[in-house]
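Written out below as C-alpha cells is the structure these notes cover.
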Amino acid sequence: MLKGLVISPGFALGRVHCLRHIQLENFEASTVDPTELENEIQRFRSALELSRAEINQLLELPQIKSSLEISNIFQAHLTLIDDPDLQKEVTQRIRTLSQDVQSVVSSVIKDYSNFFRNLPDPQFQGKAIDIMDVGKRILKNCSKRQTRQKDLHDTSEGIIVCAEDLTPSELVSLDPSRLLGIAIEQGTPTSHASILARSMGIPALIQVEGLMQKAQDWSFAILDGNAGQIILNPDSSLREKYSRELESYKERQRRIFEVLAEPSITRDNVRILLKANIGQPSDVDSVIKNYADGVGLYRTEFAYLTRRTFPTENELSDCYNSVISKLENRSVVIRTIDIGGDKISHLMGNSLERNPELGWRAVRMAMDCEEIFCTQLRAILKAAGNAANNQVSILFPMISNISELRKVKGLLFREQESMIHAGIPVPERIRIGIMIEIPSAALLAEKFAREVDFFSIGSNDLVQYTLAVDRTNSKVSHLYQPANPAVIKLISEVVRVGRANNIEVSLCGEMAGDSRYVILLLGLGIRELSMNAVLIPNVKQIIRNVSCAEIDQLIEPVLNLDTSEEIEAVLGKINRKIGIQ
Ligand code: PEP
Ligand code: MG
C-alpha cells in the first residue's frame, strides 16, 4: 500500500497500466553535414505543422470540447508551438552547432522545462510539464518514433494508469471509458494533469513515492481516493470490501448530483451561501457548472506569476470583466495581489527570503510597489464600474493591523476619486473586506468591524500563523491542525463580532470544502463558505441533510475540548452519526 496526495476523490478497482516515458535524454546529438542543415530545419517546421494539426484534432474531441478549462490547456499548447522564441532557439542551435533536429529540439525543450521546473512555485512547475508535453509531441513528429512503450488500445479492461508524471496530452489520449483511476509518482496539485483529472471526475493521487518501482503492469490494484492510497495486489477480502465501497460511493455521488441545482438550505431552513474560489477566468466554467452562489475569493496573483512583464490596467480589467460578465448577477469578491509566502513572482523578485511566510507578502509588498498596486486597484474599480450594483467587492489579504488597512483604503479612495474626476465610470461606493488570516486581525475584529463591510476568514493562513506551522513544510504538517482549539476560538470570536456589528463573515480556506469540518463551521455560526467549485455539490448535500439547531447542540461540547485530536475524534463520531463520509 502506497500513500499519495488526493487530487480527485473516488475509488477505482482495476488493472495497473504503467506508462513509462522515453526520456528526452535518450537523444544523442549527431553532427550534420552543413549542406543538410536546412533540411533539418525543414523537418522541424514540418513537425511543428503536424503537431499543430494534431492539437487542433484533439480540440475537436468531445471530452475536450465540452470543457473550456481543458480546451484552454491545449490552446496554450498551440501558443507554445507558435512561440517565436522557441522556433528561433531551435533553428539557431541547428545552424550554429550543426546538429540534428531531434537532439536540438530535445535539448531546447529540456532547458526550457528545467528552467520552469526548478522554480519553487507550483504554477511554474505546471508550465514545465506543458513544455515537456508539447516538446515530446514535436519530437515524436520529427522522429516518427513512439514515445510510449505500449498502446492502451491493447486492452478492453478498465485500468488504473500509473506514471512518473502525466502530461495533459497523454491523459486525454487515454480512452475515458476505460480509465478508472490515475496514480502519479510526481505531480503537483495545480498541474494541468491534476486539473484535468479533477474536471474529468477521475479519482487520482499524486506524489505516490516508489510507485513506478512497485507497480507491475496488468497486476490488480485499488485506488482509494478518500484515504489517499493505492493498494497493489490486494487480497480477495480487500477486493470485496472495496467493491462495496465503490458501490456506495457511486450511490452517494448519484444522490449528490440529484440535488446540484437545489438551494443550499439546511433542514431547518437556514440558507448557507456556497461560493467558489477561483484563480483565473477559465475557472468560471466550473463555478457555473456547480451552481455556486458567486465567487467568494478571486485570487488575482496568477496574472503576475506566469508573465514576463507586469499586466497593464486594461489587461487586468478585461480579465476581471470576463469573470464578472460570465457570472451575470452573481457576486464576485476580488482579492488584491497576495504574492509572497509560497507564491513566488519573478516579476516581484521575492524568492530569497529567510522567512517568506512572515515576510514581504500581500499588502505589505503591494504598498511598497504602489504603482503596480494602484494599477490593480484601478482595474478592479473599472471592472466594478461596468458591473451590476454591488456585484463586485474588494478584499485585502494579510491585514495585520488597523493602520495598514487605513493605508490601503486611502490608496483605493485616491484612485477612485481620480477616476471619477476623469469621468471613468466607477462605483461611488465599493464594498470593502479584509481577510482574517492573521491572529492579530481576529483578536482586533471588533475594531476592524468599524472599518470594513465584510470579513473573509482565510483558514489556510489563520492555522499557519496561529499555530506557527509553515503551511508548506511537510516536516511539521502533523502540527497543522485546522481543528485546534485556538483556531476554533478565533473563528468563533470573528463570527461573534460579525453578528454583533452586522458584518458578513465567510470562510474561504481549504477547511470550507472539507466535509470533516462543515458541521463544525456551521456550529460556529458560519453561514457562507467559499471553496474550489468542484467541492460544492458534496458540501451542499451535507447542508441539505442537517439542521442548524441540531448541530448547535452537537457542537457545543466540542468547544470545551482541549486538543485537536479530541476534537477530530468527536467530530468524526458526529459526522458518522449524521451520515457524512
Ligand atoms: C487562506 O489563507 O485561507 C486563503 C484562502 O488564502 P490563500 O490560500 O490564497 O493564502
Ligand atoms: Mg491566505
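The values are calculated or read from the model by the stated rules, or taken from the named source; none is laboratory data. Keep in mind that this is a model prediction, so the values were computed, not measured. All Cβ positions, even for glycine, are placed from backbone atoms using ideal geometry, and neighbour counts span all protein chains on display. Heavy atoms of the whole protein, side chains included, go into the accessibility calculation; ligands, DNA and RNA do not. Shrake-Rupley method; radii C 1.70, N 1.55, O 1.52, S 1.80 Å.
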Self-check item: Pair list, Cβ under 7 Å, 6 or more apart: the stretch 6-30 residue more than 13 Å from Val105 (Cβ to Cβ) and open to solvent by less than 60 Å² (accessible area, probe 1.4 Å), other residue charged (D, E, K, R) and at pLDDT below 85
Solution: Ile7/Arg198; Ser8/Arg198; Gly14/Glu157; Leu19/Arg148; Leu19/Glu170
Quiz item: What pairs come up if the first residue lies in the stretch 528-548 and is part of a strand (DSSP E or B), the second is within 16 Å of ligand 2 (Cβ to nearest atom) and of a type in the set (S, T, N, Q), and their beta carbons are under 7 Å apart, counting only those six or more places apart or on different chains?
Solution: Glu528/Ser506; Leu529/Ser506; Ser530/Asn277; Ser530/Ser506; Met531/Asn277; Asn532/Asn277
Exercise. Among residues belonging to the stretch 460-493 that are small (Gly, Ala, Ser) and modelled with pLDDT of 95 or more, point out the one that is surrounded by the most Cβ atoms within 10 Å (Cβ to Cβ).
Key: Ala483
Practice problem: Quick one: which residue in Asn538, Asn502, Asn532, Asn575 is closer than 25 Å to Glu446 by Cβ and among the polar types (S, T, N, Q)? | Solution: Asn502
Practice problem: Say whether the condition of being more than 16 Å from ligand 1 (Cβ to nearest atom), closer than 16 Å to Thr375 by Cα and outside any strand (DSSP E or B) is met by at least one residue in the stretch 320-337. | Solution: yes
Exercise. Select from the stretch 435-453 the residues that are within 16 Å of ligand 2 (Cβ to nearest atom) and closer than 19 Å to Ser530 by Cα and list them in ascending order.
Key: Met435, Ile436, Glu437, Ile438, Ala442
Self-check item: helices (runs of 4 or more DSSP H) completely within the stretch 20-133 that count 1 or more residues being modelled with pLDDT under 80
Solution: 62-65, 68-81, 101-117
Quiz item: For Gly279, all conditions in the list (1) away from ligand 1 (no atom under 16 Å from the Cβ); (2) in the same structural domain as Ser547 (by TED's automatic domain parsing) hold save one; what is the number of the exception?
Solution: (1)
Exercise. Return yes when Val408 is within 26 Å of Glu371 (Cα to Cα), open to solvent by less than 10 Å² (accessible area, probe 1.4 Å) and more than 14 Å from ligand 2 (Cβ to nearest atom) and no when it is not.
Key: yes
Practice problem: Please go through the stretch 223-241 and pick out each residue that is touching a residue at least 24 places away in the same chain (Cβ under 8 Å) and either assigned to a strand (DSSP E or B) or more than 14 Å from Arg15 (Cα to Cα) (or both). | Solution: Leu223, Asp224, Gly225, Asn226, Gly228, Gln229, Ile230, Ile231, Leu232
Quiz item: Quick check: anything in the stretch 424-434 within 16 Å of ligand 2 (Cβ to nearest atom) and either open to solvent by 10 Å² or more (accessible area, probe 1.4 Å) or of a type outside the set (Lys, Arg) (or both)?
Solution: yes
Self-check item: Scan of the stretch 207-222 for residues that are in a loop (DSSP other than H, G, I, E, B) and aromatic (Phe, Trp, Tyr), ordered by number
Solution: Trp218
Quiz prompt | Complete set of residues in the stretch 275-316 that are of a type in the set (Ser, Thr, Tyr) and surrounded by fewer than 23 Cβ atoms within 10 Å (Cβ to Cβ) | solution = Ser282, Ser286, Tyr291, Tyr304, Thr306, Thr309, Thr312
Exercise. May I ask you to verify whether Leu507 is more than 16 Å from ligand 2 (Cβ to nearest atom), under 27 Å from the mean Cα position of the chain (by Cα), touching a residue at least 40 places away in the same chain (Cβ under 8 Å) and open to solvent by less than 40 Å² (accessible area, probe 1.4 Å)?
Key: no
Practice problem: Output the residues belonging to the stretch 330-382 that are charged (D, E, K, R) and within 16 Å of ligand 2 (Cβ to nearest atom). | Solution: Arg335, Asp338, Asp342, Lys343, Glu357, Arg361, Arg364
Self-check item: Every pair of residues 6+ apart whose Cβ atoms lie under 7 Å, when the first sits in the stretch 555-570 and is outside the structural domain of Leu521 (by TED's automatic domain parsing) while the second is outside any helix (DSSP H, G or I)
Solution: none
